[in-house]
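Values quoted throughout were computed directly from the atomic coordinates according to the rules given, and no laboratory measurement underlies them. If you're wondering where the values come from, they're calculated on a predicted model, not measured in any experiment. FYI the Cβ positions are ideal-geometry reconstructions off the backbone, even for glycines, and counts take in every protein chain you see.
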Amino acid sequence: MTDNRHFPWRRRLAAIGTAFALGLTAAVAPSTGATAAESTLPSGNTAYRTLADYERDMATLAATHPTLVKPITLPYRTTSGRVVRGIEISDNVGVDDGKPVFVTVGMHHGNEWPSGELTMEFAIDLVKNARRGHVAELLDRARVVVVPVVNVDGFVRNRRQTDTDTDMNRNYGLGWLPLPSAGSAAWSEPESRNIAWLLSTRQATVFNTQHTCIQVVLYPPLQLAAGPAQDASRLHRLASAIAGHYGPTYRALPSAEDYETTGEAIDWAYYATRGLSVTSETCPNPGMARTYQTQVLDTYAAHRAAMLEALGTAADPAEHAIIEGKAPKGAVLRVTKSFPLYTNPYAQPDGGVRPSSFTTTLTSDLDVVRPNGKFRWAVNPSYRPVPAYQADGVHGDHHGFYTEPWILTCERRDGTVLQTTPVNVDLGDRVEVDLTPCKRNFHRKDVR
């Protein structure tokens, strides 16, 4: 979140001017002076990864553990044409089985290298321990999506911004303002649209974006004028638990109370999906050097505990909702909703001052795989929090929820829709849906 400008290894950049000119700064990993024997990381690494290292590590996990790890390619290439990659981790990962989802991402800011390292190491840790104890139990109940480098261009060039000089964590549409480095418009950057796609297509009951370098865990809102989030107590409980794992000097608080800003990932994520959304910032104690040793090696054990806390929260039925019932084996169930959201008011080309609107569409699928057709689907509540940003300006007195339903369809695999039904389900609720029409017509050839 903050601009991390104090890595000692940045003095070495002058020695690699040719690589920097070619945009290959990240190809030279900074040395930490640590030996392999000193590393307690799941990977055994002792130095920062390059982009090629991240891509190789994710590809290796997917290739060697195909039932646990599935590669993900995010849909939008960066401004400079690079691909953004991630992985999904769970038991029987290839099946959309209705588990709740924990999404964790690193490097919204391309020069915050420890955020990517911690995120990648947690993925390796999960896979290494997927058949053991608490991790096995969590992966049986939830799935994890990991994208260690979301601002690939910024990472390659070792700079905070994207290649359009945009801070992608000021470019998300909810409450966006045309501030310096916020982008030419809300959602102007492919990098922020990638994260919107990721969260819009999965039931992410918890979302974590990893940063450096403050000792704080933040949650919505981003502006004091927006008023407290409807789920402030839930958000604070999770943020406090994460902060507690990082150490006694870490704080948990609304982002606006740290400093006010606009257009960050966590605000859009929470108000669009009602998934618990936090920004986790790690940093050595004041006076300590910011090195690979202090920011990665010495931090990882606490980070592991913090992320297992977040994953456990994602899996907790009290922190999401359940849709269940019976459908034909082989059917695809889909829940969808679309709604408008708004930026902050700002000066428009016609001389007026008003918000801009944009449409958010959430859609996710479940494969009906049991022979008896029973399914249990963990979803975010259909009741969406009313955000402060509205068509007529900012209203910090909104405290309620939109009582809009999920629209559930039961389909054949060829896309033929056999039944459509609205489903209203609130936090912690369990709703059973009657899919008799879908079951009756699923195998009938005369129904198209």
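Net charge of the neighbourhood of residue 258, taken over other residues with C-beta under 12 Å away and scored Lys/Arg +1, Asp/Glu -1, is -3. For residue 161, nonlocal amide neighbours, meaning residues 5 or more places apart or on other chains whose placed amide H falls under 5 Å from its own, are 110.
Evaluated with a Cβ-only charge set (Lys, Arg +1; Asp, Glu -1), the chain carries a dipole of roughly 1220 debye about its Cα centre, given to the nearest 20.
Summing Lys and Arg as +1 and Asp and Glu as -1 over all other residues whose Cβ lies under 12 Å from the Cβ of residue 188 gives a net charge of -2. Amide H to amide H, with H built 1.01 Å from N, residue 374 comes under 5 Å of 327, counting only residues 5 or more places away or on other chains. Applying the Karplus relation 6.51 cos²θ - 1.76 cosθ + 1.60 with θ = phi - 60° to segment 74-80 yields 3J(HN,Hα) values of 5, x, 10, 5, 5, 3, 8 Hz, where x marks Gly and Pro.
In this structure, the amide hydrogen of residue 175, modeled 1.01 Å from its nitrogen in the peptide plane, lies closer than 5 angstrom to those of 342, 343, 344, counting only residues at least 5 positions away or on a different chain. For the pair residue 52 and residue 444 in one chain, pulling the backbone fully straight at 0.36 nm per residue adds 136.1 nm over the alpha carbon distance.
Here, P(r) means the percent of Cα pairs in each 10 Å bin from 0 to the largest distance; for the chain it is 4, 21, 31, 26, 13, 4, 1, 0.
Compared with the alpha-carbon gap, the fully stretched path from residue 324 to residue 237 is longer by 28.5 nm at 0.36 nm per residue. Across segment 365-372, computed HN-Hα scalar couplings (Karplus, 6.51 cos²θ - 1.76 cosθ + 1.60, θ = phi - 60°) run 10, 9, 8, 7, 10, 6, x, 8 Hz from first to last residue, x flagging Gly and Pro.
Among 439, 329, sorting on how many other beta-carbon atoms sit within 10 Å of each Cβ, with the fewest leading, yields 329, 439. When 245, 211, 320 are sorted by how many other C-beta atoms sit within 10 angstrom of their C-beta, beginning with the fewest, the order is 245, 211, 320. Annotation: segment 322-441 has a Kirkwood hydrodynamic radius of 16.4 angstrom, from the mean reciprocal C-alpha pair distance. Dividing the summed -39500 (n - 2.57) terms of all DSSP H runs of n ≥ 4 by the residue count of the chain sets its mean residue ellipticity at 222 nm at -7000 deg cm²/dmol.
One way to sum up the overall shape of segment 214-268 is the equivalent ellipsoid from its Cα gyration tensor, whose semi-axes run 19, 12, 9 Å, largest first.
Legend: P(r) of segment 400-448 from all alpha carbon pair distances, 10 Å bins from 0, whole percents, reading 23, 44, 23, 10, 1. Using the Karplus relation 6.51 cos²θ - 1.76 cosθ + 1.60 with θ = phi - 60°, the per-residue 3J(HN,Hα) values for segment 137-153 come to 5, 5, 6, 6, 9, 8, 10, 10, 10, 10, 10, x, 10, 8, 9, 5, 4 Hz, with x marking Gly and Pro.
Residue order for 421, 119, fewest other beta carbons within 10 angstrom first, comes to 421, 119. For segment 167-212, what does the alpha-carbon gyration tensor say about shape, rounded, prolate or oblate, given a ≥ b ≥ c as the root eigenvalues, a/c under 1.5 as rounded, and a/b over b/c as prolate? Prolate is the answer for segment 167-212, as a/c is 1.5 or above and a/b outweighs b/c. May I ask for the angle, rounded to the nearest 10°, between helix 113-128 and the longest principal axis of the chain, with both axes built from Cα atoms and the value confined to 0 to 90°? Between the helix axis and the principal axis of the chain, the angle is about 50 degrees.
Full extension of the segment from residue 403 to residue 179, taken as 0.36 nm per residue of separation minus the current Cα-Cα distance, would add 77.3 nm. The antiparallel fraction among DSSP beta bridges confined to the chain stands at about 65%. Find how many whole Å separate the alpha carbon centroid of segment 109-147 from the alpha carbon centroid of segment 405-422. Taking the Cα centre of each part, segment 405-422 and segment 109-147 sit 33 Å apart. In straight-distance terms, cross-link reach from residue 99 covers every one of the aspartates and glutamates whose alpha-carbon lies under 16 Å from its own, apart from those fewer than eight places away in the same chain; here that gives 88, 91, 137, 140, 316, 319, 324, 365, 367, 429. Which net charge results when you count Lys and Arg as +1 and Asp and Glu as -1 among the other residues whose beta-carbon is under 14 Å from that of residue 400? Result for the local shell: -2.
Pairwise inverse Cα distances across segment 99-139, averaged and inverted, put the Kirkwood hydrodynamic radius at 11.4 Å. When only Cα pairs below 8 angstrom with a gap of at least 6 residues are kept, the chain shows a relative contact order of 16 percent.
Expressed in units of 2.2 N^0.38 Å, where N is the residue count, the Cα radius of gyration of segment 48-174 is 1.08.
Set the Förster distance to 41 Å, then compute FRET efficiency between residue 416 and residue 224 from the Cβ-Cβ distance, nearest 0.05.
Efficiency for this residue pair is about 0.25.
Summarising the label geometry, the points placed 7 Å from Cα in the beta-carbon direction at residue 339 and residue 129 lie 3.7 nm from one another.
Can you tell me what percent of all Cα-Cα pairs in segment 121-202 are more than 16 Å apart? Considering segment 121-202, 61 percent of its Cα-Cα pairs are separated by more than 16 Å. For segment 75-130, the Cα-based Rg and Dmax, in that order, read 13.6, 37 Å.
Give me the percent of Cα-Cα pairs in segment 139-264 that sit more than 19 Å apart, rounded to a whole number. In whole percent, the share of Cα-Cα pairs in segment 139-264 beyond 19 Å is 56.
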